[in-house]
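To start, the structure itself, in structure tokens.
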Amino acid sequence: MIQPGLKNERIWLVEKEHLASAFGSGLVDVLATPVLVGLCEECCRTAVDPLLEEGERTVGSSISLRHLAATPPGMRVTLRSELVEVDKRRLRFHVEAFDEVERIAEAEHERFIIDLDRFERRVAEKAHKMTTQLGLGL
């Protein structure tokens, strides 16, 4: 059962592909904010994945992140998430990120538990509508 208080920790090494200069979000060689957002999401997702029922997944629905300090390539970044609220299928997390010197970010992140089959059907229906409207008939 998924309950508040669930914690997770993940560690990543900042490499070239994680940099703002490589990602296109800036012209400096530091950890890109969009990459940090993705790391926060993954830390939260992997906390709950083992507790989901068969056929369930989670998807991110919102994130509010404050990127507090720059991290150069070669440093390790540690993310710590805590599940702070469960409201039916909505999960709310608090996340903090640290490099080897200081705290670099804090975030609030929401995820929703979905039924994978139903979700994929809806996505396929939407794709079909789009191709039909464009006359592609795919």
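Listed here are the strands (runs of 3 or more DSSP E) enclosed by the range 32-138 that have at least 2 residues being surrounded by fewer than 15 Cβ atoms within 10 Å (Cβ to Cβ) and in contact (Cβ under 8 Å) with a residue 24 or more places away in the chain: 56-67, 76-87, 103-115.
Would a scan of the range 81-96 turn up a residue that is closer than 18 Å to Val35 by Cα and of a type in the set (S, T, N, Q)? Within the range 81-96, one or more residues are closer than 18 Å to Val35 by Cα and of a type in the set (S, T, N, Q). Count of the range 1-31 residues, restricted to those that are surrounded by 13 or more Cβ atoms within 10 Å (Cβ to Cβ), among the aliphatic types (A, V, I, L, M) and out of contact with any Lys or Arg (no Cβ under 6 Å at 6 or more places or on another chain), is 7.
Readers should treat all values here as calculations from the given coordinates under stated rules, not as data from a laboratory. It should be emphasised that the depicted structure is a prediction, and the values quoted were computed from it without experimental measurement. Using ideal geometry, Cβ is built from the backbone for each residue, glycine included, and neighbour counts are taken over all protein chains shown.
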